[in-house]
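The values are calculated or read from the model by the stated rules, or taken from the named source; none is laboratory data. Computed from a prediction, not measured in an experiment: that's the story for all the values here. Positions of Cβ are generated from backbone atoms using ideal geometry, with glycine treated the same way; all protein chains shown enter the neighbour counts. Just the protein is used for accessible areas: all its heavy atoms, side chains included, with ligands, DNA and RNA removed. Shrake-Rupley method; radii C 1.70, N 1.55, O 1.52, S 1.80 Å.
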Amino acid sequence: MMAPPDEIRIGDAERDAVMVALHDHFAAGRLDRTELDERLESVLTAKTRGDLRAHVRDLPSPTGLPEPAVDRHPQTAHHHRHPAHHHRHLAHRHRHGPIFPVFPLLFAAFLVLAFTAGPGTGLLVVLQIALAVWVLRAVLLAFGIRRARRHAPGP
């Protein structure tokens with residue numbers, strides 16, 4: 001018997017996805033710095049999906065949690081979709097991980113700065129770069145949404 005979805009244990013990938021979403025909501029102005037810090041600290045110690053869900057419950061999507069599967073085309077006994085088609089469709093809808101490897105580059109920058117200017121300076125510079133990347137991503141996302149709406153066909 002499977003555990004209820006909120007009692008399923010999570011790993012680092014799920015924690016990381018929620019942390020990225022929290023940073024995005026911070027960049028969008030939905031969270032202040034204190035709320036972000038508190039939630040990030042709690043997310044790092046989360047053990048189950050329910051623990052993570054409690055920290056993003058009041059935020060709009062994306063939250064970093066997997067969306068519940070909704071079957072928009074109910075299957076009947078006479079109509080079966082091929083499983084490979086279904087997986088290809090889902091693969092186009094979800095993008096996993098960044099297109100550009102920001103985090104490995106930030107880690108490399110931290111290591112270089114930590115050995116040359118000290119760990120405190122390295123951490124401060126890396127955090128400033130990360131914040132700039134998140135703000136830039138939020139601006140580009142907002143511009144992309146606005147542009148897509150402008151070019152959408154009218155009623």
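Quick notes
- Single unsatisfied condition, residue 48 versus (1) under 23 Å from residue 127 (Cα atoms); (2) surrounded by 13 or more Cβ atoms within 10 Å (Cβ to Cβ); (3) modelled with pLDDT of 90 or more: (1)
- Residue count for the stretch 110-122, restricted to those that are open to solvent by less than 30 Å² (accessible area, probe 1.4 Å) and either among the aliphatic types (A, V, I, L, M) or in a loop (DSSP other than H, G, I, E, B) (or both): 2
- Scanning the stretch 124-146 for residues that are within 12 Å of residue 25 (Cα to Cα) and either open to solvent by less than 60 Å² (accessible area, probe 1.4 Å) or of a type in the set (Ser, Thr, Tyr) (or both) yields 134, 138.
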